[in-house]
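The next block holds one structure in the form of structure tokens; read it before the comments.
The values are calculated or read from the model by the stated rules, or taken from the named source; none is laboratory data. Just so you know, these numbers come straight off a predicted model, no measurement behind them. Counting neighbours? That spans all protein chains shown, and the Cβs are built from the backbone with ideal geometry, glycine included.
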Amino acid sequence: MTITETRATGAALLDRLELTKRLVSLLRNEEAVVGGIGNSSFDLFGAGHRPQNFYMLGSMGLAVPIGLGIALAQPERQVVVLEGDGSLLMNLGALSTVAMVSPSNLTIVVWDNGVYKMTGAQPTATQYGSDLVAAARAAGVEHSLWARHEEHFEDLVLRALRRPAPALIGVRVTPAASDSHPDFDTVRLKYRFMAGIGVAGADR
Amino acid sequence: MAGTAKWEDDLAPLLNPEPPAPARQGGSSLGIDGVAPAEWAGLIVGALRRHEVGLVSYVPDGALAPLIERFQADVAVTCFTSTREDEAIAIAAGAALGGLRSVAMMQSSGFGNVSNALASLTTPYQIPMVLIVTERGILGEFNPVQTPITRVIRPTLDALGIPHATVERLDEVQFLADRIASQAYRTNQVGVLILSPKLTGGKTEPGSASARSTRTAA
């Protein structure tokens, strides 16, 4: 049996770095942003470092639960998770946990490029019909939508930040690589983030 | 008459039901100075609350039930299930980054799902938390699939440089819980409490743990 790619055609694939920049430009309240493994983090850094960015460099599948934990620890602060499709597929159960806990301050953005880019662009299951937005909705994250174009993405982000419920925004993006990356000093990354989100004693 | 006596005998259990067995997992007798089986759980929760733990995420085990009940009853603690043990660790890690001390709980078999969360997240980023792992695969285990993974726990933690203490007796619960938590939160490490069946009773028969509360009067 031949597996054929069934990735949705129609809307042009969007640019992850461009949309990361647009998202960052919409943040006005020191929102925490968690960059997932690989290019999600790299483009977050490439969009301009913010003290409230956490770059997760090695724990595939765990960006969403990390974001959930931050959201629960700081209920007054909006938290945005930037995750890739391959990484999210590794831990779809986390979407159910998010829906169950239903924090009011968590937004998940999935950059769906259809490949495991960092390891040679092997296709992920989303190239064969797996729909991560539908998966999120089925998991109970009611506010889950595909962004159709740049302005729609911005609109969804603004709505998600204001809505007291978890949301997931899916974006089909090109399989472009990232040109930048944060330094890999994980302890420093931790303290800069914790200081950026106001945790006492973290400003070393 | 013989027939009537037999009918009444058959009816007797319905008229005078046995009181339900205490809902202690596994049915082993701890016999530790006659202490109520769940007192160890109160001591652990008390120690962790003194260290300001405010979030607990877990994949349940029957032996964890007394801890789960107490954490869920504590209004100062957010306590909920996770779909996977590494997810529980990541939730606890995120909470720690946000300034909230946290705990992740799991059964020994669940420890098999956490290597990368410990190796690539909590260790390099130096994120503190307490892990509570209830131990199966020893002292009366009936299911051979539970035995190998338990053997992996301590060597894995040792390889990663993560301190751990195995809690076996009621008289050491408070000290070990307090010191493991203290070291974890003060040195930005994970600290692990491994709860032996000697403490919890463990699980010696297949089937579900009772859902009845194991909490006893203070």
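Of the residues in the range B:99-110, none is over 15 Å from the mean Cα position of the chain (by Cα) and either in a helix (DSSP H, G or I) or more than 14 Å from chain A (Cβ to nearest Cβ) (or both).
Taken together, B:182, B:208 contain a single residue that is in a loop (DSSP other than H, G, I, E, B) and either of a type in the set (Ser, Thr, Tyr) or more than 30 Å from residue A:62 (Cα to Cα) (or both), which is B:208.
When residue B:137 is tested against (1) more than 29 Å from residue B:169 (Cα to Cα); (2) crowded, with 20+ Cβ neighbours inside 10 Å, just one condition goes unmet, and that condition is (1).
Taking the listed residues A:56, A:1, the one that is at pLDDT 95 or above and either surrounded by fewer than 20 Cβ atoms within 10 Å (Cβ to Cβ) or within 14 Å of chain B (Cβ to nearest Cβ) (or both) is A:56, with no other qualifying. Counting only residues that are β-branched (Val, Ile, Thr) and either surrounded by 24 or more Cβ atoms within 10 Å (Cβ to Cβ) or in contact with a Cys (Cβ under 9 Å, 6 or more places away or on another chain) (or both), the range B:73-126 holds 5 of them. The residue that is surrounded by the most Cβ atoms within 10 Å (Cβ to Cβ), among those in the range B:40-50 that are touching a Leu at 6+ places or on another chain (Cβ under 7 Å) and not small (Gly, Ala, Ser), is B:44.
The residue that is farthest from residue B:104 (Cα to Cα), counting only those in the range B:38-94 that are in a loop (DSSP other than H, G, I, E, B) and under 14 Å from the mean Cα position of the chain (by Cα), is B:38.
With the condition kept exactly as written, say whether any residue in the range A:36-50 is within 11 Å of chain B (Cβ to nearest Cβ), surrounded by fewer than 24 Cβ atoms within 10 Å (Cβ to Cβ) and touching a Gly at 6+ places or on another chain (Cβ under 6 Å). No, that holds for no residue.
Please tell me if residue A:70 is of a type in the set (A, V, I, L, M, F, W, C), closer than 15 Å to residue A:105 by Cβ and within 11 Å of chain B (Cβ to nearest Cβ). Spelling it out, residue A:70 is indeed of a type in the set (A, V, I, L, M, F, W, C), closer than 15 Å to residue A:105 by Cβ and within 11 Å of chain B (Cβ to nearest Cβ). The residue that is farthest from the other protein chains (Cβ to nearest Cβ), counting only those in the range A:25-35 that are more than 15 Å from residue B:125 (Cα to Cα) and surrounded by 21 or more Cβ atoms within 10 Å (Cβ to Cβ), is A:33. Checking each residue in the range B:51-70 for being within 11 Å of chain A (Cβ to nearest Cβ) and surrounded by fewer than 24 Cβ atoms within 10 Å (Cβ to Cβ) picks out B:54, B:59. In summary, residue A:201 fulfils each of the numbered conditions (1) under 18 Å from the mean Cα position of the chain (by Cα); (2) in a loop (DSSP other than H, G, I, E, B) with the single exception of condition (1). Could you tell me whether any residue of the range B:126-142 is of a type outside the set (Phe, Trp, Tyr), within 14 Å of chain A (Cβ to nearest Cβ), in a loop (DSSP other than H, G, I, E, B) and without any contact (Cβ under 8 Å) to a residue 60 or more places away in the chain? No, the range B:126-142 contains no residue that is of a type outside the set (Phe, Trp, Tyr), within 14 Å of chain A (Cβ to nearest Cβ), in a loop (DSSP other than H, G, I, E, B) and without any contact (Cβ under 8 Å) to a residue 60 or more places away in the chain. Just one residue in the set A:161, A:145 is outside any loop (DSSP other than H, G, I, E, B), under 28 Å from residue A:121 (Cα atoms) and not aromatic (Phe, Trp, Tyr); that residue is A:145. Give just the number: which of (1) over 18 Å from residue B:53 (Cα atoms); (2) at pLDDT 95 or above does residue B:144 not satisfy? Residue B:144 satisfies every listed condition except (2).
If you go through the range A:83-128 and pick out every residue that is within 14 Å of another protein chain (Cβ to nearest Cβ) and on the phi > 0 side of the Ramachandran plot, you end up with 1. Say we look at the range A:179-194 and pick out the residues that are at the interface with chain B (Cβ under 10 Å from one of its Cβ atoms) and part of a loop (DSSP other than H, G, I, E, B); which of these is nearest to the chain's Cα centre (by Cα)? Among those that are at the interface with chain B (Cβ under 10 Å from one of its Cβ atoms) and part of a loop (DSSP other than H, G, I, E, B), it is A:184. Just one residue in the set B:173, B:130, B:145, B:152 is buried (at least 23 other Cβ atoms within 10 Å of the Cβ) and among the β-branched types (Val, Ile, Thr); that residue is B:130.
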